[in-house]
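One structure is given here, and the rest of the page talks about it.
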Protein chains: 8
Amino acid sequence: MKKMIGAIAVGSMAFAAVAQDITSERTLTLKLANELVTAAVASCTASGYNVVATVVDRSGYVKAMQRADNARPHAIEIAERKAHTSAMLGYPTAQLNENIVKGVTPAALLNTPNFTSLLGGVPIKAGTEVIGGFGVSGAPGGHLDLACIEAALKKVEDRLK
Amino acid sequence: MKKMIGAIAVGSMAFAAVAQDITSERTLTLKLANELVTAAVASCTASGYNVVATVVDRSGYVKAMQRADNARPHAIEIAERKAHTSAMLGYPTAQLNENIVKGVTPAALLNTPNFTSLLGGVPIKAGTEVIGGFGVSGAPGGHLDLACIEAALKKVEDRLK
Amino acid sequence: MKKMIGAIAVGSMAFAAVAQDITSERTLTLKLANELVTAAVASCTASGYNVVATVVDRSGYVKAMQRADNARPHAIEIAERKAHTSAMLGYPTAQLNENIVKGVTPAALLNTPNFTSLLGGVPIKAGTEVIGGFGVSGAPGGHLDLACIEAALKKVEDRLK
Amino acid sequence: MKKMIGAIAVGSMAFAAVAQDITSERTLTLKLANELVTAAVASCTASGYNVVATVVDRSGYVKAMQRADNARPHAIEIAERKAHTSAMLGYPTAQLNENIVKGVTPAALLNTPNFTSLLGGVPIKAGTEVIGGFGVSGAPGGHLDLACIEAALKKVEDRLK
Amino acid sequence: MKKMIGAIAVGSMAFAAVAQDITSERTLTLKLANELVTAAVASCTASGYNVVATVVDRSGYVKAMQRADNARPHAIEIAERKAHTSAMLGYPTAQLNENIVKGVTPAALLNTPNFTSLLGGVPIKAGTEVIGGFGVSGAPGGHLDLACIEAALKKVEDRLK
Amino acid sequence: MKKMIGAIAVGSMAFAAVAQDITSERTLTLKLANELVTAAVASCTASGYNVVATVVDRSGYVKAMQRADNARPHAIEIAERKAHTSAMLGYPTAQLNENIVKGVTPAALLNTPNFTSLLGGVPIKAGTEVIGGFGVSGAPGGHLDLACIEAALKKVEDRLK
Amino acid sequence: MKKMIGAIAVGSMAFAAVAQDITSERTLTLKLANELVTAAVASCTASGYNVVATVVDRSGYVKAMQRADNARPHAIEIAERKAHTSAMLGYPTAQLNENIVKGVTPAALLNTPNFTSLLGGVPIKAGTEVIGGFGVSGAPGGHLDLACIEAALKKVEDRLK
Amino acid sequence: MKKMIGAIAVGSMAFAAVAQDITSERTLTLKLANELVTAAVASCTASGYNVVATVVDRSGYVKAMQRADNARPHAIEIAERKAHTSAMLGYPTAQLNENIVKGVTPAALLNTPNFTSLLGGVPIKAGTEVIGGFGVSGAPGGHLDLACIEAALKKVEDRLK
């Protein structure tokens, strides 16, 4: 994949100088975030689980969040942590959990603010680039939270290749 | 207005006994919350403002939240505070600000966790009962945030009488 | 304004629309909370333990709390966490502890604000619905804290079926 | 009432030596705390206000707390702050507020953890000695919170002279 | 995968769809940040002031920071707040201070995490777009901190038009 | 040693009535606290260790603290936690650590604010009654911290029987 | 008094090279800190005030602290803030308060962690160099806290010229 | 290298008296800190890793920090913790991790504010004296972070003997 900066560089010298001072980062839009949290809540509700679904941007800040009726409030914090952790690390919280259990990663990583190793968080990627994070919490088991994320991501996967 | 508990009380003696131990509280649904934050973001976007819109339930916990593209992340915290404060106090943050300026309410109230007196937060009511809170942040002025809330509430006012 | 419950029972089109915007949640009363914390403190005191007993509502906010004379202050925080965790998860902290020990639940869940896996916290249910949480702390062992909770709940169990 | 230390001083030399290493502090009991919060909640409820009433011990730690049905959760924090501030300073929060307004006390004092100048907090004294603090929050105005405190204290004043 | 910028410039249907899901944000580079904090510290040192200089990116996260020898550690926090506030609001902290003094902006805005109205913070802009924030703290007066920022920005202003 | 409350009970009926509302708690004096932290720092310094020594009262609040020259600042927090934990639990942090290692006590107890299981904290008792806590931190090993505590306590043990 | 760096500079080239990488900072010793807090508590006790006295080092970390019997625990936090603020700013908290009242310094400076403008904090200087901070809290008025500080400093002033 | 205090001791009696009240501590300069973080970022960038590099002074306060383009913001916190922990303990975080895994050090030590056992933090020493701490975070593995630290330290090792 070519660098976006390439397009910008096709400019004057002055422009090129600016290009060294400024970079450009891709991040997901509210449109995509809304679509994902809506689909995840719907998927979980269809399975009988009342959940919180949260999408954060590339920097880990919340972009959209929905809490189903009867989803307990502690899930707000957990869903955000799952999304944040995934956006920061670039891989699912399930893998972080596995790494910690296997001793590959020290559990001390979990002391990082807004981090968790609970299943149910995945990065959102455009190709290989991380552009956000996605977390769901509230189902009776992280694998069930994860299933709702996967159902939601399936709907947009063609557009994120 | 009659008490809802009245409906429940039409039961056996055993049921009535339970009624003394348990109460029932009305709160807004995710459906309503989504409708409101979507409308508020759309209204502000139409005016050229990139904002965060947040709706909290009766207990002050976030129910739905959306952050427009280019809305800076500090607005996440502020929009939630506006919504939370309004749900707790039962009147707009604009009134709280006025009370503090006039010396009717000590500014010390602002030390309460998750409270703010910045314009742009209103309670959501069903009749006279507070069932949630609504906050918007990010426009260049609290009165502009407030205008987007009012536009959103207008769409549902008939259903909340 | 007529009651929502009426709408559910009878239900015109207009009413049904309102019912989609607002929901109703059952939670315990101060009357029940006071009865429970009083009984738990009395039970523990009778056994020679100075404890803190705390009852939270469905949303996890404290409803009533009592601290026996000579109960050390750290038990305030722990009793609330036990009650809060139970109300959020819907099962006793003893089960959470067992799940973590067995590896069924990652210990990372304990990083959730106000959570603990210490024995001595149980949900308060009306039938199968969680309407609050109950925690006791201060006895020399979580199973002893739990015994005081069970003694207190026994007094009201007929009314919560 | 004489100071307890007087009773201790009437001892042997060995006892006197201990007295130099150890002191004794009077603080209120759970019995008194329960009586006060129960009376304050009842008084406010009778006036139509749903409040939180909190009593802290001499060290500022909560001894008993009750939250009336429909009292919003933010009042939990505020009632504790009122009680805590009063126990620490030894005078009502109303006086602190007046001192700050008059410029006698810098507002910076309000940055102290768990402090507030909102009306509705008073110290609990045995004679002239502070043995606890009492706070109420939730009525529409601090003077109304204060009225419930005064009603509650009136019932026990003869026993605290 | 082709570059998004290409899509914007040329734009097939498929590409346009991606463009709706992903956006691109400009932010400053470490190269620019280092240049700025180095120049600010040098400028202040030349004037005899030991300061902290901090540059944050568009999202408010620290990009580069330097603390001169003998600069007291409290300035670390303050310099970051100045930079963060400026990046979030898009105007200097001096203007925020003026707005608060004039009553145009409620002081409650200062309760936002990582915010301050102390002089010595300015946004970093590329044209009219905010791409970061710049804060200096430690000189005996905010206007002196600000002078070091201005000296540093002067060196790069041609490249940020 | 007899309980002080015995001395109080030898009173008039009026006194007894007061006794039901008010209790008396023994706690250590500044004189004792100073003696202990001075001795602990001296003992550790003699062994070549630069430490922090902290004594808290019965309620867990710091009574006296000293930090030796060259003792790193992180030891301030740790020494207080050791003292606080011991005062709250009534047994040494070494025992808490052993209980956690053996699985008798869940590690979740360590999430309690101001708690630690690091060796080098012991309760201070008058007979069997806990009147404070004592913590030392900074030596290269908790057992070395503990040795300084024991050396200090030895000097006063006759007076605390 | 000459600067210490002068003494270092009289070295070999190798030494000078090191001197560019490493600097040396003067800070007060535990010996001095103990002397000061002991004297301040004694002075206040003699005047009938039960206070907390705290001395911090050049970096703002607590070096020694004593809390008189019957000094309420909130004074622990306040005394440390007074000492910390003075060590950071290099002038008394009384001057900070005056600056804020006069509008010379924005009140926003008080949001800095561990800062206060309450009277009763002064820097400790060796000549003109700040080597620590000194705070007292608990007397009924900051000017009374300050008097105890001044009494303590008087005893050592000849040694700090 | 001789201790600086030696230079001071060669003084008058008056000077010696001061020496008892004041001590001198060596800490690294901004010059050295900048050199180290610049080299570490360059080394990691050369290996294809976008990292944060942070150097703290002897007291654990940040002296210089750089975040490479595309380094995710959570690494800011982690790099500082690695540097802080190393400066406080005087040995690498890798050794702390090993001690915890082996059971030599209780994991409870990780609850200390700003501590971590993640690989990639080392103390900076002048001879045997700790004068700062160095942390890197962001590479896919702590050993890779550590390699960049070592590359940076290699450049200055001759000057820190």
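The values are calculated or read from the model by the stated rules, or taken from the named source; none is laboratory data. Note that the coordinates shown come from a computational prediction; the quantities given were computed from them, not determined experimentally. Heads up, the Cβs are rebuilt from the backbone with ideal geometry, glycines too, and the neighbour counts pull from every protein chain shown. With ligands, DNA and RNA removed, areas are computed over all heavy atoms of the protein, side chains included. Shrake-Rupley method; radii C 1.70, N 1.55, O 1.52, S 1.80 Å.
When the stretch F:90-106 is examined, which residues are found to be within 24 Å of F:Ala40 (Cβ to Cβ) and open to solvent by 40 Å² or more (accessible area, probe 1.4 Å)? Spell out the reasoning first.
From the stretch F:90-106, those within 24 Å of F:Ala40 (Cβ to Cβ) are F:90-98; that's our starting set.
Matches in the stretch F:90-106: F:Tyr91, F:Pro92, F:Gln95, F:Glu98.
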For the stretch G:55-102, the count of residues that are more than 14 Å from chain F (Cβ to nearest Cβ), more than 26 Å from H:Pro113 (Cβ to Cβ) and either touching a Lys or Arg at 6+ places or on another chain (Cβ under 7 Å) or acidic (Asp, Glu) (or both) equals 1
Restricting to the stretch H:58-84, name every residue that is open to solvent by 10 Å² or more (accessible area, probe 1.4 Å) and within 11 Å of the chain's Cα centre (by Cα).
H:Arg58, H:Ser59, H:Tyr61, H:Val62, H:Glu80, H:Arg81, H:His84
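Can you name every residue in the stretch E:87-115 that is within 14 Å of the chain's Cα centre (by Cα) and small (Gly, Ala, Ser)?
Looking only at the stretch E:87-115, we keep the residues that are within 14 Å of the chain's Cα centre (by Cα), and these are E:87-94, E:114-115.
Across the stretch E:87-115, the qualifying residues are E:Ala87, E:Gly90, E:Ala94.
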Within the stretch D:30-57, count every residue that is among the hydroxyl-bearing types (Ser, Thr, Tyr) and crowded, with 21+ Cβ neighbours inside 10 Å.
3
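For the stretch D:29-102, list the helices (runs of 4 or more DSSP H) that sit wholly inside it and hold at least 3 residues that are more than 17 Å from D:Ala151 (Cβ to Cβ) and touching a strand residue (DSSP E or B) at 6+ places or on another chain (Cβ under 7 Å); which are they? Talk me through it step by step, then tell me what you get.
On the way: elements: D:30-46, D:74-89, D:93-102.
Per the criteria, D:74-89.
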Of everything in the stretch H:39-73, what is within 19 Å of E:Val62 (Cβ to Cβ), touching a residue at least 40 places away in the same chain (Cβ under 8 Å) and among the polar types (S, T, N, Q)? Give them in sequence order.
H:Asn50, H:Thr54
Could you check, for the stretch A:136-155, whether at least one of its residues is over 12 Å from A:Ala53 (Cβ atoms), touching a helix residue (DSSP H, G or I) at 6+ places or on another chain (Cβ under 9 Å) and β-branched (Val, Ile, Thr)?
no
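Give the residue, chosen from D:Val130, D:Val136, that is part of a strand (DSSP E or B) and more than 10 Å from every other protein chain (Cβ to nearest Cβ). It would help to see each step written out before you state the result.
On the way: D:Val130 fails: more than 10 Å from every other protein chain (Cβ to nearest Cβ).
Among D:Val130, D:Val136, only D:Val136 is part of a strand (DSSP E or B) and more than 10 Å from every other protein chain (Cβ to nearest Cβ).
Inspect the stretch C:107-123 for any residue being in contact with a Gly (Cβ under 8 Å, 6 or more places away or on another chain), modelled with pLDDT of 95 or more and open to solvent by less than 10 Å² (accessible area, probe 1.4 Å) and give the result as yes or no.
Yes, there is a match, as at least one residue in the stretch C:107-123 is in contact with a Gly (Cβ under 8 Å, 6 or more places away or on another chain), modelled with pLDDT of 95 or more and open to solvent by less than 10 Å² (accessible area, probe 1.4 Å).
Somewhere in the stretch D:116-130, is a residue closer than 21 Å to G:Ala108 by Cα and over 12 Å from the mean Cα position of the chain (by Cα)? Explain how you work it out, then say what you get.
Our first condition is that a residue be closer than 21 Å to G:Ala108 by Cα; within the stretch D:116-130, this holds for D:116-117.
With the extra rule that they be over 12 Å from the mean Cα position of the chain (by Cα), the set shrinks to D:116-117.
Yes, the stretch D:116-130 contains a residue that is closer than 21 Å to G:Ala108 by Cα and over 12 Å from the mean Cα position of the chain (by Cα).
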Can you pull out every residue in the stretch G:131-161 that is farther than 20 Å from D:Pro106 by Cα, touching a Gly at 6+ places or on another chain (Cβ under 9 Å) and without any contact (Cβ under 8 Å) to a residue 60 or more places away in the chain?
G:Leu160
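What number of residues within the stretch E:115-127 satisfy the criterion of being more than 10 Å from chain G (Cβ to nearest Cβ) and in contact with a helix residue (DSSP H, G or I) (Cβ under 7 Å, 6 or more places away or on another chain)? Steps first, please.
The initial filter retains those residues of the stretch E:115-127 that are more than 10 Å from chain G (Cβ to nearest Cβ), namely E:120-127.
Now restrict to residues that are in contact with a helix residue (DSSP H, G or I) (Cβ under 7 Å, 6 or more places away or on another chain): E:120-123, E:125-126.
Within the stretch E:115-127, residues that are more than 10 Å from chain G (Cβ to nearest Cβ) and in contact with a helix residue (DSSP H, G or I) (Cβ under 7 Å, 6 or more places away or on another chain) number 6.
Take the stretch H:130-151 and flag every residue that is surrounded by fewer than 18 Cβ atoms within 10 Å (Cβ to Cβ) and farther than 12 Å from H:Ser47 by Cα. So that I can check it myself, show each step before the final result.
Of all residues in the stretch H:130-151, those surrounded by fewer than 18 Cβ atoms within 10 Å (Cβ to Cβ) come to H:140-141, H:143, H:150-151.
Passing the criteria: H:Gly141, H:His143, H:Glu150.
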Report yes if some residue within the stretch G:1-17 is modelled with pLDDT of 95 or more and either facing another protein chain (nearest Cβ under 7 Å) or closer than 22 Å to G:Leu144 by Cα (or both); otherwise report no.
no
If the Cβ limit is 7 Å and pairs must be 6+ apart or interchain, which residue in the stretch B:20-35 that is in contact (Cβ under 8 Å) with a residue 12 or more places away in the chain pairs with which residue that is basic (Lys, Arg)?
B:Ser24/C:Arg26; B:Glu25/B:Arg58; B:Thr27/B:Arg58; B:Leu28/B:Lys63; B:Leu30/A:Arg67; B:Leu30/B:Lys63; B:Ala33/B:Lys63
